[in-house]
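One structure below.
The values are calculated or read from the model by the stated rules, or taken from the named source; none is laboratory data. Computed from a predicted model, the values in this text were never measured in an experiment. Cβ coordinates were reconstructed from backbone atoms using ideal geometry, including for glycine residues, and neighbour counts include every protein chain displayed.
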Amino acid sequence: MRTPSTLPPAVRRVLPWLLRWWAVQAGLAVIGRLVARQKDEGDESTAGIRRVVVIGGVELRPVNRELSRVRLDLVMAGGRLDLTRVPHVPGGVDLTVRALMGGLGVQVPTGWRVWWSCRGIGGVGFAESDGLVRTDDERGADLRIHADVLFGGIGVEGAPQDDSWGR
């Protein structure tokens, strides 16, 4: 077994940096859990949902017929939002996403009209071939996405025919 003094010089230089990086990641994860404990609201059966996720992931499948808003704050995190169990909601659904080095996949029922506004370095990917319609009419949209992203993105796709999202 090697002692620290017999480790190669390159390893001795890199090891402290790696330990600091892991400590920063662990600290962010703990802070994220504490913030989430205070800020998270609702569950999949409520009309409003909010989640804060730092270093990790979240998967939501809302079922409330009166769903009106979903807010996701993602910091070095990923998420998946499956809206296929939500019937057409009068007035539409507002999705607010703030992502820092994070991403979100949104699955929408076929035929929904989607509008979005995205600020920052990143964007929204949209698959019109999935039976979705992009609209410029914010008020008439079934899903309105308001996104602030920095090195992140949002992907919007229609419901798959083979149920590959594991319902």
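Within the range 45-72, track down each residue that is part of a loop (DSSP other than H, G, I, E, B), in contact with an Asp or Glu (Cβ under 6 Å, 6 or more places away or on another chain) and among the basic types (K, R). Passing the criteria: only R61. For R119, the stated conditions hold: it is touching a strand residue (DSSP E or B) at 6+ places or on another chain (Cβ under 6 Å), modelled with pLDDT of 90 or more and among the basic types (K, R).
A search for C-beta distances below 9 Å between a residue of the range 89-102 that is modelled with pLDDT of 90 or more and buried (at least 17 other Cβ atoms within 10 Å of the Cβ) and any residue that is among the charged types (D, E, K, R) and part of a loop (DSSP other than H, G, I, E, B), counting only pairs 6+ apart in sequence or on different chains, returns V93/D142. Determine whether R2 is modelled with pLDDT under 85 and loosely packed, with under 15 Cβ neighbours inside 10 Å. Answer is yes for this residue.
If the condition is being at positive phi and hydrophobic (A, V, I, L, M, F, W, C), then the range 2-57 contributes only I55.
Any idea which of D73, D40 is among the acidic types (D, E) and buried (at least 17 other Cβ atoms within 10 Å of the Cβ)? Break it down stepwise before answering.
Numbers: D40 fails: buried (at least 17 other Cβ atoms within 10 Å of the Cβ).
D73 is the lone residue from the list that is among the acidic types (D, E) and buried (at least 17 other Cβ atoms within 10 Å of the Cβ).
Among (1) under 16 Å from the mean Cα position of the chain (by Cα); (2) under 26 Å from L150 (Cα atoms), which single condition is V30 missing? Evaluating V30 over (1) under 16 Å from the mean Cα position of the chain (by Cα); (2) under 26 Å from L150 (Cα atoms) leaves (1) as the failure.
Can we say V133 is aliphatic (A, V, I, L, M), modelled with pLDDT of 90 or more and either more than 17 Å from the chain's Cα centre (by Cα) or surrounded by 18 or more Cβ atoms within 10 Å (Cβ to Cβ) (or both)? Judged against the criteria, V133 is not a match. Look at the range 112-135: where a residue is in contact (Cβ under 8 Å) with a residue 40 or more places away in the chain and a partner is among the charged types (D, E, K, R) and in a strand (DSSP E or B), sitting 6+ places away or on another chain with Cβ atoms under 7 Å, you get V114/R134.
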